[in-house]
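First up is the structure itself, then whatever we jot down about it.
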Amino acid sequence: MPIIKSAKKRVKVSKKAAIRNSKTKRILKAAIKTLHNNLSSGKDVKKSHSAAQSAVAKAAKKNVIHKNRAARIQKQLAASAKAASKVTPKKATVKKSVPKKTASKAKAKTTKK
């Protein structure tokens with residue numbers, strides 16, 4: 001245990017900072033894990049991607065993670081979200097089929113003139 005008053009204060013301050021930093025890291029890891037789970041299931045990707053990007057930015061702002069690492073993580077998350085959105089099938093549109101005989105006769109008549 002420190003004897004000097006300022007050293008005692010540093011112990012208290014650093015303990016509070018460690019708790020604050022660990023909370024930020026937990027939130028960051030949980031947000032990224034949620035995004036990865038949603039990417040595999042294909043639901044709520046936009047919302048979880050936004051939450052993960054926000055958590056990464058906050059961690060970088062508080063100097064919990066380095067700003068270059070934060071940029072790298074954000075880039076990877078965006079790439080994976082973009083890839084997941086391309087994989088999801090779009091709704092199939094049903095076209096009404098036109099009988100081919102009438103369509104080809106109409107074309108033939110107009111081209112002769």
(request) Treat each spin label as a single point 7 Å out from the Cα along the C-beta direction, and report the His66 to Ser41 distance in nm. (result) 3.5 nm
(message) At 1.567 mPa s and 4 °C, plugging the Kirkwood radius over alpha-carbon pairs of region 5-90 into Stokes-Einstein gives what diffusion coefficient in µm²/s?
(response) 91 µm²/s
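Here, each number is a calculation from the coordinates, and none is a lab measurement. No experiment lies behind these values; they were computed from the predicted model shown. Heads up, the Cβs are rebuilt from the backbone with ideal geometry, glycines too, and the neighbour counts pull from every protein chain shown.
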